[in-house]
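The values are calculated or read from the model by the stated rules, or taken from the named source; none is laboratory data. Predicted model, so just to flag it, every value in this text is computed and none were measured. Cβ coordinates were reconstructed from backbone atoms using ideal geometry, including for glycine residues, and neighbour counts include every protein chain displayed.
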Amino acid sequence: MAEETGQASSVAGSCHCGAVRIEVPAPPEWVASCNCSLCTKTAWLVAYYPDGAVKVEGETVPYAWGDRMIGIHHCAVCGCGTHWRTLSEDFGRMGVNARLLDGFDAKAVEVRLFDNKG
Ligand SMILES: [Zn+2]
């Protein structure tokens, strides 16, 4: 580990096939594990960042679920869930699937259980 300089260091990540690359400004301090019908199936662990602070390169396919105003993106090639972004109203943040980040260890961060069932 590099010595802490007080400056958060960015973390890179990618989907399984490498077609999509993601860079976030800092490692997540906590992630969300949500029990809604979609997250139950996709098993994302979501880290939140300000929209615009995250770089996403490569082709992703958005999935808009019902009337929820977010696009849930996955890699067009390997299908890994990559990130979500708002489709309309800007709520100032977006979600990144922390599982894609290099060196991510779910045991090393706080996992907050979000109860969004139903
Ligand atoms: Zn991929």
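Just to check your reading of the model, which residue among LYS41, LYS55, LYS117 is exposed (fewer than 13 other Cβ atoms within 10 Å of the Cβ), more than 15 Å from the ligand (Cβ to nearest atom) and touching a residue at least 60 places away in the same chain (Cβ under 8 Å)?
Values: LYS41 fails: touching a residue at least 60 places away in the same chain (Cβ under 8 Å); LYS55 fails: touching a residue at least 60 places away in the same chain (Cβ under 8 Å).
Checking each option against the conditions leaves just LYS117.
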**Request:** Could you run through segment 58-79 and say how many residues are in contact (Cβ under 8 Å) with a residue 24 or more places away in the chain, more than 16 Å from the ligand (Cβ to nearest atom) and loosely packed, with under 13 Cβ neighbours inside 10 Å?
**Result:** 0
**Complete:** Those residues of segment 81-103 which are away from the ligand (no atom under 16 Å from the Cβ), under 17 Å from VAL11 (Cα atoms) and part of a loop (DSSP other than H, G, I, E, B) amount to GLY103
**Asked** Quick check, is VAL31 modelled with pLDDT of 95 or more, hydrophobic (A, V, I, L, M, F, W, C), within 15 Å of the chain's Cα centre (by Cα) and buried (at least 19 other Cβ atoms within 10 Å of the Cβ)?
**Response** yes
**Asked** If you check every pair at least six apart or on different chains, which have Cβ atoms under 6 Å apart with a residue in segment 5-18 that is farther than 11 Å from CYS78 by Cα and more than 6 Å from the ligand (Cβ to nearest atom) first and a residue that is of a type in the set (Asp, Glu) and at pLDDT below 95 second?
**Response** none
